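Note sheet for the following structure.
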Amino acid sequence: SDRLGAGTRQLMEALRRPQVRGNWGQEQLKRCIEFAGMVEHVSFDVEVVTPEGLRPDCIVRLPNERTIVIDVKTPLEALLNAGNCAEESERAVWLAAHARNVRDHVKELSSKAYWKQFNESPDFVVCFLPSEASFSAALEQDSDLIEFGSRADVILATPTTLIALLKAVAFGWQQMAVTRNAIAIQEAAKRLYDKLSTARSYFDDLG
């Protein structure tokens, strides 16, 4: 129990550092993409630099040559502080601060307008929160958060919802591959039919 408590405290202290939180969030995003069965440089790319110098965490490519932009946000410090509070009133203050942090991240992400920098992108960006608990805690304090994000053209996603989204995209890629294979088979069959018809005409000429 003591070792578990010490390990938990070490993890919490590590997650208070912005760089560690960022790396953890990006690793969670990568795992979600892998779970969805997507392939890097084929169906997605990471850390693409836009002409304006912005760097979204991930660009997911759709079969119709469109793209979905994903940006990772890990607002955890206020939530970690809330977990350390013994008094419920103090805990409520930190949870409210956590909800404000998430809302501020949505505003910041909306202001970047990633969809304007990719010609084939829908008019929204996916804000990935790598912790289900982080999203739930924010939503409990700010019930309008999802609607606010939608109005700002920012779709909030947790690992569960992001995997579902990416699986749908991966299925689209699979269907596109099936369609391309069917077209290739149809064209090959047509060429074979034309050659057989030509060969028969030669035999008819020979009598």
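Taking the condition in contact (Cβ under 8 Å) with a residue 24 or more places away in the chain and among the charged types (D, E, K, R), does residue 30 pass? Reasoning before the result, please.
Numbers: in contact (Cβ under 8 Å) with a residue 24 or more places away in the chain: no; among the charged types (D, E, K, R): yes.
When the stated conditions are applied, residue 30 does not pass them.
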Residue 78 versus (1) touching a residue at least 24 places away in the same chain (Cβ under 8 Å); (2) closer than 20 Å to residue 20 by Cα: which is the lone unmet condition?
-> (1)
Residue by residue through the stretch 74-93, note down the ones that are open to solvent by 90 Å² or more (accessible area, probe 1.4 Å) and either closer than 17 Å to residue 57 by Cβ or hydrophobic (A, V, I, L, M, F, W, C) (or both).
-> 86, 93
Just wondering, is there one or more residues in the stretch 132-148 that are open to solvent by less than 50 Å² (accessible area, probe 1.4 Å) and either within 24 Å of residue 50 (Cα to Cα) or at pLDDT below 85 (or both)?
-> no
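Quick one: would you say residue 155 is open to solvent by 70 Å² or more (accessible area, probe 1.4 Å), under 30 Å from residue 80 (Cα atoms), modelled with pLDDT of 85 or more and outside any helix (DSSP H, G or I)? Working first, answer last.
Working: open to solvent by 70 Å² or more (accessible area, probe 1.4 Å): yes; under 30 Å from residue 80 (Cα atoms): yes; modelled with pLDDT of 85 or more: yes; outside any helix (DSSP H, G or I): yes.
In short, yes.
The values are calculated or read from the model by the stated rules, or taken from the named source; none is laboratory data. The model shown is predicted, which means the values in this text are computed figures rather than measured ones. Here the Cβ is made from the backbone with ideal geometry for all residues, glycine too, and neighbour counts use every protein chain on show. Just so you know, the surface numbers come from the protein's heavy atoms only, side chains and all, with ligands and any DNA or RNA stripped out. Shrake-Rupley method; radii C 1.70, N 1.55, O 1.52, S 1.80 Å.
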